[in-house]
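The values are calculated or read from the model by the stated rules, or taken from the named source; none is laboratory data. Note that the structure is predicted; figures quoted are calculated from it, not measured. Here Cβ is always computed from backbone atoms with ideal geometry, including for glycine, and neighbour counts include all displayed protein chains. Note: accessible area is taken over every heavy atom of the protein model, side chains too, but ligands, DNA and RNA are not part of it. Shrake-Rupley method; radii C 1.70, N 1.55, O 1.52, S 1.80 Å.
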Amino acid sequence: MTHCHRELLHAQWKVLLDDEFIEAYKHGIVVTCCDGITRRFYPRFFSYSADYPEKCVISILVGNLYTK
Amino acid sequence: MQKSQASFKELVNIVSDPDFRPSDIREAKWGLINEKLAGDKPDEEWCEQDAGWKRTSVTIPVPFHRKTAHPGTKEYTVADFYYRSLVSVIREHLTDPTRHRHFHYEPYELYWQPQDTGSPTRVHGEVYTSPTFIQAHRELQDLPREASDDLPRVVVALMFSSDSTHLTSFGDTKLWPLYLYFGNESKYRRCRPSCHLCSHIAYFKKVSPYSMMASPSLKVNYFSSFSFQPPSRTLLPRTSVEKALTKHS
C-alpha cells in the first residue's frame with residue numbers, strides 16, 4: 001500500500017513537471033511584464049511545505065507512520 | 001435578517017421595473033431550470049477553458065509477490081487527476097497588472113544599521129533577501145547566453161505547499177490540494193487571503209483499497225490474497241479492508 005501510495009504521488013508529480021515545464025526550467029519563459037520590459041523568467045523550487053506523513057511520501061522516506 | 005431584507009428590496013425593485021413582465025416568470029420552466037442547477041456535472045465546470053484545469057488519468061505499476069495467483073507487476077490506473085499547467089499559472093501571475101507592483105524581480109541584501117553601533121546587521125526575513133535567492137540569481141546570470149538573447153533574467157521562486165484536508169467532520173471525504181506561492185512576493189502579502197496570491201495547482205489522488213480491489217487488472221490477485229471472499233462493499237467497513245491490505249502488502 002505504501003509503495004502504491006508513493007508511486008501514485010510521484011506519477012502525479014511527473015504529470016505536473018511536464019515537458020513544457022522542463023523547457024521553461026532550462027531555457028526560461030519569455031514574458032512581457034506590465035512595465036513593458038520583456039524578461040526571461042526561470043522557475044526555481046524554493047520550498048515544499050507539507051506535513052510529516054506527506055513529506056515521507058514525497059521524499060521516498062519510510063516514516064514511522066508507514067512502517068506499521 | 002439584514003440579508004433577507006436586502007434581497008426583499010431587490011425583489012421589489014425587480015417587480016416594479018417597467019421592463020418587468022410577469023408572463024416571463026409564468027412561462028419559464030422552473031422545474032427544468034432547478035434540475036439543471038442541482039445536476040451534478042463536474043466535468044463542465046472543471047474543464048472550463050478559462051480556468052485552465054486539465055484532467056488526466058495516471059497509471060502506476062503495482063507489484064505482486066510470487067505467492068499471489070498472478071505474480072509480477074500489474075498496471076493500476078487512477079482516473080480524474082485534476083491539475084493546472086505550472087507554466088500557464090506562472091505566466092498568468094507575471095502578466096497580472098495588480099501583482100506586478102509588488103513582485104520582486106531582483107534579490108537584494110537587507111541590512112539594519114542602528115545609529116549607535118558601527119556594524120550593520122543582516123536582516124533575514126523575505127525569500128528575495130535570502131542568500132539562496134541571491135545565489136540562484138547569480139547562477140542564472142552566469143549561464144551561457146545565446147548571441148541574440150539579451151533579456152534580463154529573473155528567478156521565479158516557487159513555493160509549494162500541500163496538505164491533505166478533511167472536508168467533513170464525519171465521513172472520510174478528503175482533498176489533497178497542492179498550492180503554489182511565489183517567493184518574489186513579500187510574506188506579508190502572501191499571507192493575506194485578500195491578495196489572492198495562492199494558486200491551486202493540483203488535487204492529488206490517493207490510492208484507495210476499494211478502487212484497487214475493483215480495478216480489473218488487480219482484482220484477481222487481491223481476492224486470491226485473502227483467505228476469505230470479501231462481502232459486498234456496503235457491508236465491509238473501510239478500516240478493516242485497509243488493515244487487511246496493509247498486512248498483505
Exercise. Under a 5 Å amide H to amide H cut-off, with H placed in plane at 1.01 Å, what residues pair with A:SER49 once short-range neighbours are removed?
Worked result: B:PHE160, B:SER161, B:SER162
Problem set entry | Phi to ³J(HN,Hα) by Karplus 6.51 cos²θ - 1.76 cosθ + 1.60 over the stretch B:113-119, Hz, x for Gly, Pro | 10, x, 5, 7, 9, x, 8
For this session: Apply the Karplus parameterisation 6.51 cos²θ - 1.76 cosθ + 1.60, with θ equal to phi minus 60°, to every residue of the stretch B:179-191 and state each ³J(HN,Hα) to the nearest whole Hz, in sequence, with x for glycine and proline.
Result: 9, 9, 10, 10, x, 6, 9, 5, 5, 6, 8, 4, 7
Seminar exercise, completed: Test assert for the stretch A:4-18: residues whose accessible surface shrinks by at least 50 Å² between chain alone and all chains, 1.4 Å probe, equal A:CYS4, A:HIS5, A:LEU8, A:GLN12, A:VAL15, A:LEU16
Problem set entry | Which listed pairs, of B:LYS54/B:LYS187; A:LYS14/B:LYS74; B:LYS36/B:LYS174; B:LYS9/B:LYS36; A:LYS55/B:LYS206, have C-alpha distances above 22 Å, in listed order | B:LYS54/B:LYS187; B:LYS36/B:LYS174; B:LYS9/B:LYS36
Exercise. Considering amide H positions built from the backbone, and no H for Pro or chain starts, which residues 5 or more places from B:VAL156, or on another chain, come under 5 Å of its amide H?
Worked result: A:TYR42, A:ARG44
Exercise. How well do other chains shield peptide B:77-86, expressed as the mean number of their Cβ atoms within 10 Å of each residue Cβ?
Worked result: 3
Exercise. If you take the accessible area of B alone, add that of A alone, and subtract the area of the pair, what total do you get in Å², probe 1.4 Å, to the nearest 100?
Worked result: 4300 Å²
For this session: Shielding by partners for B:101-107, please: the mean number of other protein chain Cβ atoms within 10 Å of each residue's Cβ.
Result: 1
Seminar exercise, completed: Length gained, B:GLU35-B:SER4, 0.36 nm per residue minus C-alpha separation, equals 8.7 nm
For this session: Within 10 Å of each Cβ in peptide A:23-35, how many partner chain Cβ atoms are there on average? Round it to a whole number, please.
Result: 5
